[in-house]
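Remarks on the structure that follows.
The values are calculated or read from the model by the stated rules, or taken from the named source; none is laboratory data. Note that this is a predicted model, so its numbers are computed, not measured. Note: ideal-geometry Cβ built from the backbone for every residue, glycine included; neighbour counts use all protein chains shown. Ligands, DNA and RNA are stripped out before the accessible areas are found, and what is left, the full protein with its side chains, is counted by its heavy atoms. Shrake-Rupley method; radii C 1.70, N 1.55, O 1.52, S 1.80 Å.
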Amino acid sequence: MKMTLLMAATALLSGCAALPSNGPTVPTIRKSAQSSQNTLGFKIVDIDLHNANVPAARNEIGLLQLSAMSAAPISEHSDQIRKGDTLAINIYEVGVSLFGGSASTLAVAGDIHAPTAGVQSLSAMVREDGTITLPYIGTLRADDADPAILERRIRDRLRPLSQSPQVQVAIAQSLQNVAYVSGAIGRTGRIPLTMARERLLDVLAIAGGATSTTAGADGLDLEVHLVRGDKSASVRLGDLRPEDMANLMILPGDRIELRRAARTYTVFGATEKVSQIPFSAEKVSLAEAIARATGPADARANPRGVYLFRLERDSAGKLVQPVVYHIDMMRPQSYFLAQMFEMQDKDVILFANSRASLAQKMAALLGNLFSPAAAVVYAAR
């Protein structure tokens, strides 16, 4: 009987690695990095003063795409008349008036007869063929001009018919000289574009900015998606700066969507709870990330084995190298390094299991196994 129990214990000890566990130990991680089964080619890097000072990467690919769009040629006139626009046209006449009214009335001042000027206000919509029609003037092409050019065209048509005509043209309403804004924004819909030549951040501000119900008023977890013709680009709102070329001038027909893109990191291993945790701030250090996860579990974790798994990418967003950053929290200087090391979106923190905790599990398992057997032997005696 004793020999049988000893053989069972030996078999269990040899299978210690198969005990239930919520994460690997430090030796297991080191062996995996050197193993032929490391098909991803990840490497383990200790966090030091050099890599702790490297700032988190911005979304360079999105910024580059937006910058490329800004290089496209832009019309010199921001007040181009377009199909569907409603025009407000004022015609001023003096002396003999084509449109009648007070312009033909003479004001007598002694022996001087001074003609008075009159104004006629007209409204015209630019038709689908790009033309407008005015009384006595006929049909004019309008969608290839700005208000100043159209003023000259109307004035030239009026000169044979009226005395000293003057014309003012303004775009009262435009259906095409607008950008379209949607998503987690204060006011969705059309945003009229003006001669101020609004840029991307300007339009977002005019539309009311990010809604507080989606990602906070600061918009930390929002992504800007711009569609221009057959091109599109996305960038995190927090990565966009007013001085960037990516803060490009908005053109008529641009579609801007502000959508949720929460930045999170995940915690595994010897912790009280496996969880996904949002950043909730512009920058989060490794020390803050560990604290938010309530840190490693005292009874199960190895404080010398805190690992951060990251997929390193280049400025174009392509995967360069999977890296496992390691920090030993038993060293006092590690707490300074953890404050300096900046978290990135989708990082994974692993608290390695302590080998002592596995030994405790084995002891408990052996206790459960041998106690009933010992009771049987004792009873047999």
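Please compute the contact order of segment 175-291 in relative form: average sequence separation of alpha-carbon pairs under 8 Å and at least six residues apart, divided by the residue count, as a percent.
Across segment 175-291, relative contact order equals 28 percent.
Given +1 on the Cβ of Lys and Arg, -1 on the Cβ of Asp and Glu, and no further charges, what dipole in debye does segment 123-269 carry about its Cα centre, rounded to the nearest 20?
Dipole magnitude for segment 123-269 comes out near 300 debye.
Which value, in Å² rounded to 10, gives the accessible area of L201 with a 1.4 Å probe and all protein chains present?
Number for this one is 40 Å².
Using modelled backbone amide H atoms (1.01 Å from N, in-plane), which distant-in-sequence or interchain residues come within less than 5 Å of V45's amide H?
V324, Y325, H326
How much of R157 can a 1.4 Å solvent probe reach, expressed as accessible area in Å² and rounded to 10?
100 Å²
Mind scanning K83/K231; K31/K283; K231/K346; K43/K273 and naming the pairs with a C-alpha gap bigger than 25 Å?
Correct reply: K31/K283; K231/K346; K43/K273.
Obtain the nm distance between the two label points defined at F336 and T264 by a simple spin-label model: each point lies 7 Å from its Cα along the Cα-to-C-beta direction.
Simple spin-label model gives 3.5 nm for this pair.
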